[in-house]
Every structure is written in C-alpha cells, then in structure tokens.
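A.B. asks: I have a structure here, written as structure tokens, and I will follow up with some questions on it.
The values are calculated or read from the model by the stated rules, or taken from the named source; none is laboratory data. Predicted model, so just to flag it, every value in this text is computed and none were measured. Heads up, the Cβs are rebuilt from the backbone with ideal geometry, glycines too, and the neighbour counts pull from every protein chain shown. Each accessible area value is taken on the protein alone, full model and side chains, heavy atoms only, with ligands, DNA and RNA left out. Shrake-Rupley method; radii C 1.70, N 1.55, O 1.52, S 1.80 Å.
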Amino acid sequence: MLDDVSDLLADPVDGTPLVSHDGYRSLVSATGRSYEVSAKGFVTLAANGRLAHDGDDAQMVADRETFLSQGHYAPFVEAVTQGVHEALEDAGVGNDIAPALCEIGAGTGYYLSHTLDAVDDSRGVGIDVSIPAAEKLTHSHSRVGAVVADALERLPLLDRSIHALTLIFAPHNAAECARVLAPGGNVVMLNAEPGHLSELREPLGILDVEQGSTERLIEEMSEYLVPVQPPQLVEFRMSLDQPSIAAQIGMSPSARHIEPEVLAERVAVLPKRMEITARASITRFARVGD
C-alpha cells in the first residue's frame, strides 16, 4: 500500500519528498504541490498533471493477467527474483534494513509481488503509465504501492532510495534509474532475445526481436549503468493452447498493430496446442562509479 512506500516517493516536478495528507487521500510535496490518491489506492505523479500517453488499455491488462496467472513465465519470474537476491547480497543489505524494491512498467504486479514474497521485510513501488494496470497493481500485494507515472520522464522517487530496480520488457530512462539507486544498488533487466516466441512469428504476422537488442541497450545505458556480469540467457519451452496464445499476443505490443478480429482469425487456424519457445536475457547493472 502507499503508506508503506510513501517515504520513497518524490514530487515529479522538483524531487522534494511527499508526505501524506488527510489520511492518505493525497500526497503533498515540500513545495506545496498536491497529488490525489485515487479511490482504487494508486496515485498519479505527473509533472504537468497529466501523462503524454495511456499505456496498456483494459483489454491488454486483462490478457496480461490471464496469461501470467497461468504460470507460463515462471522461469522468468524465478530469474528476476534471483537477480534481486544477488543484488541485495552484493549491496550488503542486512537484516536491519527493509529492502526497497521498484519495478518500472510493473503492469499487474505479477513479477513484483512474487519478488516481495521471496525477500523478507521488503516493500515495493510499482510504476506503470497505465491506469487499468495500476488498478490491478495496487491489489497485487500488501506491500506494494502503485504509482502511475511515465518511466521515460523524471521518476517520482527520491535520490538513492531503491535497493533493487527491475525492468521487465519495459521502457526506461537509464539516467533516472541510476539516480534512484541506493549505494550499491542494482538494476535487474529482463530483455527479450531473438527467437522469443519464434513459432508464432510467421503464422501471426509479428516481427521477431532484433538481433543484438540487449547489447544495444547495454551500450545506450553505459553512461549511467554498467553490467555487473554478462547477460545470462533464460530459455524454456511452453505448451500453449489457443486461448493462451491469444492472451500472450494480446498483452504484448503486437496487439497495437493487429486488429483483434484479424488476430482471432490467425489464432483459430493454429494447432489446438503448440510448443512455444520463451527466450530472454537477464542482466544486472550497477551505477557507474559504484
């Protein structure tokens, strides 16, 4: 809930701390700006009071929840959680500290809630630009605070406040990720690799992941963040029926480029069940100079 993480949050305009007002009906900055907490329990923190784009719509969020709840991506979840454990161990976060975690592009909170379960006494901020996602996120775990914000702008987090920040198939601002990391903290990034969902690319008319995408991200982030170790490949097979395939594509960026009726037609002619490859790399980053 927001009251568990409000001491980590900051005014998106000037970075000053936010404090609760009127029983967490709003958060108010040291410079007087006020941000209303919605009846659903999340807060929108945007510099100009509104966001430039809406993110995933309600149907994409429903598809995400359907697909992930079936456990198809469990190996990815385990890899991310292990990366967070390693980050906290390397940072020397002991039993006397309640680890502060953050996921950028947290969606429905599937990954973040699993990590919170695995890390004792941790608390987490989930940031997503989608209001339908935030409505799910706020109820995903008792120690999650849900924030609607644009990850490409200034993050509404205090300097050096987060012990481990996760990026799971999500856009990000490397400078901001580095700014909010606590001393010794890490970014844990999961990024799709070529061959991910390869069996579905041709029949559904969706593009493959570009070759070298992880290497390009590492280069783009290098001014602010450097890998702790080389990217580690996470690859496994999933047995998916047609509804699961439809949900997987529906939750992805491909859903924005294929009309729902066209996608349904293409899925309908697939085999009733298919073996599909999941393929991504996980990379752990430290702030430059740490």
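A.B. asks: Would you be able to say whether some residue in the stretch 208-231 is among the β-branched types (Val, Ile, Thr), open to solvent by 10 Å² or more (accessible area, probe 1.4 Å) and out of contact with any Phe, Trp or Tyr (no Cβ under 9 Å at 6 or more places or on another chain)?
C.D. replies: yes
A.B. asks: Hey, among GLN229, GLN211, which residue is among the polar types (S, T, N, Q), without any contact (Cβ under 8 Å) to a residue 24 or more places away in the chain and part of a loop (DSSP other than H, G, I, E, B)?
C.D. replies: Exactly one residue qualifies, and that residue is GLN211.
A.B. asks: Given the residues VAL262, VAL288, which is the only one that is open to solvent by 30 Å² or more (accessible area, probe 1.4 Å), within 30 Å of LEU88 (Cα to Cα) and more than 19 Å from the chain's Cα centre (by Cα)?
C.D. replies: VAL288
A.B. asks: Here's another thing I want to ask about it. Among the listed residues GLU193, GLU176, which satisfies the condition of being in contact (Cβ under 8 Å) with a residue 12 or more places away in the chain, charged (D, E, K, R) and under 19 Å from VAL5 (Cβ atoms)?
C.D. replies: Checking each option against the conditions leaves just GLU176.
A.B. asks: Looking at the stretch 114-124, can you tell me whether even one residue there is touching a residue at least 40 places away in the same chain (Cβ under 8 Å) and among the acidic types (Asp, Glu)?
C.D. replies: No, that holds for no residue.
A.B. asks: Going through the stretch 14-68 one residue at a time, which ones are open to solvent by 20 Å² or more (accessible area, probe 1.4 Å), small (Gly, Ala, Ser) and touching a Pro at 6+ places or on another chain (Cβ under 7 Å)?
C.D. replies: Passing the criteria: ALA30, ALA47, ALA58.
A.B. asks: Inspect all residues belonging to the stretch 163-180 and state whether any of them is open to solvent by 40 Å² or more (accessible area, probe 1.4 Å) and among the acidic types (Asp, Glu).
C.D. replies: No, because not a single residue in the stretch 163-180 is open to solvent by 40 Å² or more (accessible area, probe 1.4 Å) and among the acidic types (Asp, Glu).
A.B. asks: Give the residues of the stretch 106-121 that are open to solvent by less than 30 Å² (accessible area, probe 1.4 Å) and assigned to a loop (DSSP other than H, G, I, E, B), sorted by residue number.
C.D. replies: ALA106, GLY107, THR108, GLY109, VAL119
A.B. asks: Another one. Going by what's in this entry, would ALA175 be described as modelled with pLDDT of 95 or more and over 28 Å from ALA286 (Cα atoms)?
C.D. replies: So ALA175 does not fit the description; no.
Listed here are the residues, each with its yes/no results for (1) over 24 Å from GLU259 (Cβ atoms); (2) under 19 Å from the mean Cα position of the chain (by Cα); (3) at pLDDT below 95.
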| site | (1), (2), (3) |
| --- | --- |
| GLU36 | yes, no, yes |
| ALA39 | yes, no, yes |
| ALA46 | yes, yes, yes |
| ASP54 | no, yes, yes |
| ASP57 | no, yes, yes |
| ASP63 | no, yes, yes |
| TYR73 | yes, yes, no |
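A.B. asks: Just give me the residues in the stretch 237-248 being open to solvent by less than 30 Å² (accessible area, probe 1.4 Å) and touching a residue at least 60 places away in the same chain (Cβ under 8 Å), in sequence order.
C.D. replies: Within the stretch 237-248, MET238, LEU240, SER244, ALA247, GLN248 meet the criteria.
A.B. asks: Restricted to the stretch 122-147, and to residues that are touching a Phe, Trp or Tyr at 6+ places or on another chain (Cβ under 6 Å) and outside any helix (DSSP H, G or I), which residue is surrounded by the fewest Cβ atoms within 10 Å (Cβ to Cβ)?
C.D. replies: Here the residue is THR138.
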